[in-house]
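Undergrad: My questions all concern the structure below.
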Number of protein chains: 2
Amino acid sequence: MLTDRQLLILKIIVDDFIRFGQPVGSRTLSKKEQITFSSATIRNEMADLEELGFIEKTHISSGRVPSQKGYRYYVDHLLPPVQLTQKDVQAIQSIFHEQIYELEKLIEKSAQILSDLTNYTTVVLGPSVKEHKLKTIQIVPLNAETAVAIIVTDTGYVEKHVVTLPSSIPPSDVEKMVNILNERLTGVPLEDLTDKIQTEVAHVLREHIQSYDHMLRMISYSLDLNAPAQMFLSGKMNMLRQPEFSDIDKLRALLNVIEQEKEFYRLLRKHKQQGIQVKIGTENDVEGMENCSLITATYSVDGEKLGTIAVLGPTRMEYSRVISLLNLVATDLSKVLSVWYQKD
Amino acid sequence: MLTDRQLLILKIIVDDFIRFGQPVGSRTLSKKEQITFSSATIRNEMADLEELGFIEKTHISSGRVPSQKGYRYYVDHLLPPVQLTQKDVQAIQSIFHEQIYELEKLIEKSAQILSDLTNYTTVVLGPSVKEHKLKTIQIVPLNAETAVAIIVTDTGYVEKHVVTLPSSIPPSDVEKMVNILNERLTGVPLEDLTDKIQTEVAHVLREHIQSYDHMLRMISYSLDLNAPAQMFLSGKMNMLRQPEFSDIDKLRALLNVIEQEKEFYRLLRKHKQQGIQVKIGTENDVEGMENCSLITATYSVDGEKLGTIAVLGPTRMEYSRVISLLNLVATDLSKVLSVWYQKD
DNA sequence: TTTAGCACTCGCTTCATTAGAGTGCTAACA
DNA sequence: TGTTAGCACTCTAATGAAGCGAGTGCTAAA
């Protein structure tokens, strides 16, 4: 177990390194007002801390830098009490006081304010579209051979697919089918649509519609969703400004991950239970993110998780501040969505 | 005027520099098989070319590098004849042989193949949405207070807006309004909708609908388009691999431009007439693009420009190859769209 | 247990040196 | 008169030595 003095030293090392980005030496530490003992004592303690794996040197005679384990301990046990400035709080709340009716816009704004305030990158995973319930299906013919199929969910999400619709199919059939689909499928979660069509709708369609085959294929294609959930990124380029990424190769690796997006999707999906989660460096298990931490929070309605909101920064990131900001945004977002979804 | 020999030297310098990225010296040049005269002669000619502003030195005793004026002359007069490989041609045509019915997907694929083949960044400006004609307007109520208004155009483009719809408004009124709008506005280009509503639809609505004010405001809001045209970028991160951007500051500046997107919008809009256009370095007049060239092409149907497709690379880019690729994609795209739009 | 002191290590910067690539100029050549 | 060989010169990039400063580990004394 660590002594109180070791904890103090570890905390100050991490705080200082987060602040200034420079390895912290015993002399620097001895000058801090919280510290009443000499640099030699500090050196002894630091040697112990290093042996335990909480800090490390960049080279044999350098100051110390937190190791991944050190950050982990810091985040788990040493986080300084939060203090957001009035400014931060106001900036965030101003968004949620605006009259916004579109989920996408609200989420986008949340992501943007977070990346602006932190200077890191923000990722937000929207509610899983699969769980949204179908409000209506529409098929709008465009010309002799194509039509656009439009799906609307109870959350106001709209998705479209252009489909072929040979002129041999009578318009009345199309109309009939749309009616049948809406009658039978309204209120069904999107993920269950395919099943429901097979079990309950197919036989009705076969009875009433001539080109049953083509139509069924077409409608299945339309319901095959592009995106299982929408993802929004903001402040992608903020990482350029972080001094740890002045190395072009590290930067390349990271920007590739950011650009790909699919890794984020995986990471954010992983976060199931409520609350804040901090993943440091290699804990993320993504190549290119060794020097990054990802802090995720969920937002929810009635205790049920809707989506995830996350901030990506260097491992040397302002954990305390980011966690507070994230908490604030997540709870505000949850509140607004609770009001929306109540009205159903 | 430049002599034939000067032209030959200029051409070889540009070709060589594009290929290897290193300043070209007289000795290197004298070894090229096209060159029959000595390095001393070359030095004399180069001194003249430099005085005329076509080439420059990176430092006083270095080899020569094309200046912006040099690239300009090269592009205008010295482009080597095109030779695309079988592979390139096949890669491009494979896209256009796929069964794709969605404009967005087709454009996205075009952008992607171009950025893959060139290793540069591709930008495509879709057809101006404003000119699309309204196919239908739908209003789908979501809950007691909101609804989603959906606009579909003749090209299959779909746009949605969530709007407030107080429960005090009778559903029959909404239905009535939608009918009136569809009756009067189908086939009208989106850009004319607002006018048309004021002049032709407003008075009809007033006659038939109670909460005329709110409804009119709502519908105006819905028709206020987000995007005047859609833009697609592909291969944003390709620029990371260009050796000219191993300087982190230049990279930052460029990625900011790429991320902002609005500059591209401006640049691509500028290209009105048909054909290929090459803008080199500062000709683009965008900060951060001093070391880039932008090659744009238009695609069109029946001689009428629909959109623009562009490749962004370093000034030291493979002009000849990119121009050919761009030409091929643009003409193929035009062909496919001609078939689509013929059927209206 | 704490601290002062000291030898030692390493990274960073500066400075000088050298090799190499390339130039401009001059004088000789065809 | 145009072309070329030759040479002095310039500048970059790479290399290495020297000195500085920050920091460490260890020892011995308080």
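Undergrad: Pull up all non-local amide H partners of B:Arg64: gap of 5 or more, or a different chain, and H-to-H distance under 5 Å with H placed in the peptide plane.
TA: B:Val24, B:Gly25
Undergrad: Take the solvent-accessible surface of the protein heavy atoms, probe 1.4 Å, and return the percent of it on the protein assembly as shown that carbon and sulfur atoms account for.
TA: Carbon with sulfur: 47 percent of the solvent-accessible area.
Undergrad: Let me ask something additional. Fully extended, how many nm does the chain gain between B:Lys57 and B:Asn44 (0.36 nm per residue separation, minus their Cα-Cα distance)?
TA: Extra length available between B:Lys57 and B:Asn44 comes to 3.2 nm.
Undergrad: So what is the relative contact order of chain B, in percent, for Cα pairs below 8 Å that sit 6 or more residues apart?
TA: 18
Undergrad: Using a 10 Å cut-off on Cβ atoms, rank the peptides A:92-99, A:139-146 from the highest mean neighbour count down.
TA: Going by the mean number of other Cβ atoms within 10 Å, highest first, we get A:139-146, A:92-99.
Undergrad: Right, another one. What is the calculated FRET efficiency for B:Thr36 to B:Arg252, with r their C-beta to C-beta distance and R₀ = 41 Å, to the nearest 0.05?
TA: Once rounded, the FRET efficiency stands at 0.35.
Undergrad: Taking every alpha carbon pair in segment A:235-332, what does the distance histogram look like in 5 angstrom bins from 0, in percent?
TA: Spelled out per bin, shortest first, that is 2, 13, 24, 24, 19, 10, 5, 2, 0, 0.
Undergrad: Please state, rounded to one decimal and in Å, the Kirkwood hydrodynamic radius that segment A:279-344 gives when every pair of distinct Cα atoms enters the mean of 1/r.
TA: 12.9
Undergrad: Here's a follow-up. Along Cα-to-Cβ, 7 Å out, sits the label point; list in nm, shortest first, how far the one on A:Gln273 is from those in the other copies.
TA: Its label point is 6.9 nm from the equivalent points in the other copies.
Undergrad: What ranking of B:Arg321, B:Arg269 comes out by heavy-atom accessible area, probe 1.4 Å, highest first?
TA: Descending accessible area places them as B:Arg269, B:Arg321.
Undergrad: Once you average over the residues of A:42-54, how many Cβ atoms of partner chains fall within 10 Å of each Cβ?
TA: Mean shielding by partner chains, rounded to a whole number: 0.
Undergrad: How crowded by other chains is B:157-163, given as the mean number of beta carbons from other chains within 10 Å of each beta carbon?
TA: What the average comes to for B:157-163 is 6.
Undergrad: When you take every Cα atom in segment B:4-78, what is the radius of gyration, and what is Dmax, the widest Cα pair distance, in Å?
TA: Expressed in Å, the Cα Rg and Dmax of segment B:4-78 come to 10.9, 29.
Undergrad: Oh, and also: For segment B:197-237, I need the span (max minus min coordinate) of the C-alpha atoms along each principal axis, in Å, sorted largest to smallest.
TA: Here the Cα extents, ordered largest to smallest, are 56, 18, 10 Å.
Undergrad: Same structure, new question: Over 10 Å intervals from 0, what percent of Cα-Cα pairs in chain A sits in each interval?
TA: 5, 21, 23, 19, 14, 9, 5, 3, 1, 0
Undergrad: Further question on the same structure: For segment A:131-223, what's the relative contact order in percent, using C-alpha pairs closer than 8 Å and at least 6 residues apart?
TA: For segment A:131-223, the relative contact order is 29 percent.
Undergrad: Gap in Å between the Cα centre of segment A:299-344 and the Cα centre of segment B:32-95?
TA: When both Cα centres are located, 56 Å separates them.
Undergrad: List, in order, the whole-Hz ³J(HN,Hα) value for each residue of segment B:254-263 obtained from phi through the Karplus relation with A = 6.51, B = -1.76, C = 1.60 and θ = phi - 60°; use x for Gly and Pro.
TA: Taking θ as phi minus 60°, the curve returns 5, 4, 4, 4, 4, 5, 4, 6, 5, 5 Hz for segment B:254-263.
Undergrad: Can you give the accessible area per residue of the protein assembly as shown, in Å², using a 1.4 Å probe?
TA: About 46 Å² of surface per residue is accessible.
Undergrad: Give me the dipole magnitude in Debye, nearest 20, for chain B about the Cα centre, with unit charges on the beta carbon: positive for Lys and Arg, negative for Asp and Glu.
TA: With Lys and Arg at +1 and Asp and Glu at -1, about 960 debye.
Undergrad: Same structure, new question: Need the list of aspartates and glutamates near A:Lys335 for cross-linking: C-alpha distance under 20 angstrom, and skip anything on the same chain fewer than eight residues off.
TA: Hits, sequence-local ones excluded: A:Asp88, A:Glu98, A:Glu102, A:Glu104, A:Glu108, A:Glu131, A:Asp154, A:Asp302, A:Glu304, A:Asp344, B:Glu145.
Undergrad: Under the definition of Cα pairs under 8 Å and six or more residues apart, what whole-number percent is the relative contact order of segment A:4-78?
TA: 36
Undergrad: What is the ratio of the Cα radius of gyration of segment A:131-223 to 2.2 N^0.38 Å, where N is its residue count, to two decimals?
TA: Expressed relative to 2.2 N^0.38 Å, the Cα Rg reads 1.00.
Undergrad: Per residue, how big is the convex hull around the C-alpha atoms of the protein assembly as shown? Give it to me in cubic angstrom, could you?
TA: Normalising the Cα hull of the protein assembly as shown by residue number yields 210 Å³.
Undergrad: Which ³J(HN,Hα) values, rounded to whole Hz and listed in residue order, are derived for segment A:292-298 from phi using the Karplus coefficients 6.51, -1.76 and 1.60 in 6.51 cos²θ - 1.76 cosθ + 1.60 with θ = phi - 60°, glycine and proline given as x?
TA: Listing the rounded values in order: 10, 10, 10, 10, 10, 9, 9 Hz.
Undergrad: Which percent of Cα-Cα pairs in segment A:149-289 sits in each 5 Å bin, short to long?
TA: Once binned at 5 Å, the Cα pair distances of segment A:149-289 give 2, 7, 14, 15, 12, 9, 8, 8, 8, 7, 5, 3, 1, 0.
Undergrad: Ok, one more. In peptide B:143-155, how many Cβ atoms from other protein chains are near each Cβ within 10 Å, on average?
TA: Mean shielding count: 4.
Undergrad: Any idea how far apart A:Gln99 and A:Ser220 come out in nm if each label point goes 7 Å out from Cα toward Cβ?
TA: 4.6
The values are calculated or read from the model by the stated rules, or taken from the named source; none is laboratory data. Values in this document were obtained by computation on a predicted structure and should not be read as measured data. Note: ideal-geometry Cβ built from the backbone for every residue, glycine included; neighbour counts use all protein chains shown. Please note that ligands, DNA and RNA were not included when accessible areas were found on the heavy atoms of the full protein model with its side chains. Shrake-Rupley method; radii C 1.70, N 1.55, O 1.52, S 1.80 Å.
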